[in-house]
Amino acid sequence: MEGSGWAALAFCPKTQRLMIMQIEKHNVNVYPTLKILMVLDVFEHAYYLDYKNERAKFIEAFWNIVNWEEIVKRLKEAME
């Protein structure tokens, strides 16, 4: 059974808004018109070696490595 294993921050050029969405597979953007700015892999394979079954701790630690400058750059490019 597959589930939504990717959380994505995206930008919608039509509404000029940021969106948070789930993506089932990393190679399929369910809304191809949206620009993906950041992705978080929350499938177990992404965190199990370091965090075992503590997904919440993995997600909390993720925020310490986010490259916000790159995300802002991508957002500016998407808004052009």
Looking at I71, I36, can you tell me which residue is in contact (Cβ under 8 Å) with a residue 60 or more places away in the chain and either of a type in the set (A, V, I, L, M, F, W, C) or in contact with a helix residue (DSSP H, G or I) (Cβ under 8 Å, 6 or more places away or on another chain) (or both)?
I71
Looking at (1) free of Cβ contacts under 8 Å to residues at least 24 places away in the same chain; (2) of a type outside the set (D, E); (3) at positive phi, find the lone condition where Q16 falls short.
(1)
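Rule-based calculations on the coordinates, nothing more; no lab input. Source: prediction; values computed, not measured. Positions of Cβ are backbone-derived with ideal geometry, glycine not excepted, and every protein chain shown enters the neighbour counts.
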